[in-house]
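The values are calculated or read from the model by the stated rules, or taken from the named source; none is laboratory data. Remember, it's a predicted structure, so these values are computed and weren't measured experimentally. The protein model used for the area step is the full one, side chains on, heavy atoms only, and it has no ligands, DNA or RNA in it. Shrake-Rupley method; radii C 1.70, N 1.55, O 1.52, S 1.80 Å.
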Amino acid sequence: MSDRVEQEPGYVLHRRNYRETSLMVDLFSLNHGRLTVVARGANSPKSPLKAQLQPFQPMLLGWQGRSDLKNLTAAESRLGPDLRRTERLYCGLYLNELLQRLLPPAEPFPQLFAHYIEALENLAQAGDIEPLLRRFEWCLIDALGYGFAWDQAMDTGEPVRKDAYYYYDPEQGVLAQASPGSLLRGLRGDVLLELADARLDSPEARRTAKRMMRVLIDHLLQGRELHSRALFQQWRGDKHET
């Protein structure tokens, strides 16, 4: 990566306090992928950066530095999608945390970047959020090289049959026979074929896709928890109590 970058499209994934008056900011950028920068003085009352460095807002960014931790030199934000404190906000935080936790640093993912922009825009408008989340997860795992064939049993090489039941191993994919790593079983062949066509119309297809993606993402996280999941569950619990 060059010593100085200017006018780079990107988004804030997460930020936290750094020393007394600065912020440490995790970014997802078009040409440089995920990286962390220090916004010096951004946490001081007079700095405009504190208000600008917000998630979900399209930005043009600049930074410099030769180490892995860069210094932010410019940040120009534009109006982004409206994700208020509702289910949409927590879903947006979930997308950000997936990128923050799973993407390798300093590696560009331009197609994933485009899909992220589309996901945020759709998240602000869509009445049905669940298919949007599943499709983003699919795009992410494909970008990371962990995509698998929904319609093929990897242990036999045979196509998935509508009337059969299957297993899922996050290290191998769909299996016709159980393996030591099979974390899901009893997956219906007809539902897997729906998912192979990227169809999420039926309740069973949605449940199966969610279970399989959760198993794979948890496998990739290697024991690390997603804070956005806990926040979403807490929000749902508070909502049901009121």
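Expressed as an acute angle from 0 to 90° and rounded to the nearest 10, what is the orientation of the C-alpha long axis of helix 87-102 relative to the principal long axis of the chain?
90 degrees
Can you give the angle from 0 to 90° between the axis of helix 227-241 and the longest principal axis of the chain, with both taken from C-alpha atoms, to the nearest 10?
On a 0 to 90 degree scale, this one is about 80.
Within region 144-242, what whole-number % of the accessible surface is contributed by carbon and sulfur, with the 1.4 Å probe and all protein chains included in the calculation?
46 percent
List every residue whose amide H lies under 5 Å from the amide H of ALA164, counting only residues 5 or more places away in sequence or on a different chain, with H placed 1.01 Å from N in the peptide plane.
Residues meeting the criterion, in which the H sits 1.01 Å from N, are GLY189, ASP190.
May I ask you to evaluate 6.51 cos²θ - 1.76 cosθ + 1.60, the Karplus curve with θ = phi - 60°, for each residue of region 42-48 and list the ³J(HN,Hα) values in order in whole Hz, giving x for glycine and proline?
Working through the residues one at a time gives 5, 9, 7, x, 8, 7, x Hz.
So what is the accessible area of region 1-98 per residue, in Å², with the probe set to 1.4 Å?
Each residue of region 1-98 exposes 51 Å² on average to a 1.4 Å probe.
Restricting to Cα pairs below 8 Å that are 6+ residues apart, what does the relative contact order work out to for the chain? Please round to a whole percent. Mind showing how you got there, number by number?
Details: 402 pairs, mean separation 34.2, N = 242.
It rounds to 14 percent for the chain.
Could you please state how large a percent of the accessible area of region 41-102 is carbon and sulfur, counting protein chains only and using a 1.4 Å probe?
Answer for region 41-102: carbon and sulfur cover 49 percent of the accessible area.
Gaussian network model of the chain, Cα springs within a sub-10 Å range: biggest mean-square fluctuation belongs to which of ARG206, ARG78, ARG135?
For the chain, modelled as a Gaussian network with Cα springs under 10 Å, the answer is ARG78.
Any idea what % of Cα-Cα pairs in region 162-242 are farther than 20 Å?
Numbers: 1446 of 3240 pairs.
When every Cα pair of region 162-242 is considered, 45 percent fall beyond 20 Å.
Between ASP190, ASP163, ASP68, where does the largest GNM mean-square fluctuation fall for the chain, given springs only between Cα atoms within less than 10 Å?
Largest GNM mean-square fluctuation: ASP163.
Could you provide, to the nearest whole Å², the per residue accessible area of region 132-242 with probe 1.4 Å? Walk me through the intermediate numbers first.
Numbers: 6360 Å² over 111 residues.
Averaged over the residues of region 132-242, the accessible area is 57 Å².
Could you tell me the convex hull volume per residue, in Å³, taken over the Cα atoms of region 1-155?
Per-residue hull volume (Cα only) is 126 Å³.
May I ask you to evaluate 6.51 cos²θ - 1.76 cosθ + 1.60, the Karplus curve with θ = phi - 60°, for each residue of region 134-150 and list the ³J(HN,Hα) values in order in whole Hz, giving x for glycine and proline?
With the stated coefficients, region 134-150 comes to 4, 5, 5, 4, 4, 4, 5, 5, 5, 4, 7, x, 10, x, 9, 8, 6 Hz.
To test your reading of the geometry: what angle, between 0 and 90 degrees and rounded to tens, separates the Cα axis of helix 203-221 from the longest principal axis of the chain?
60 degrees
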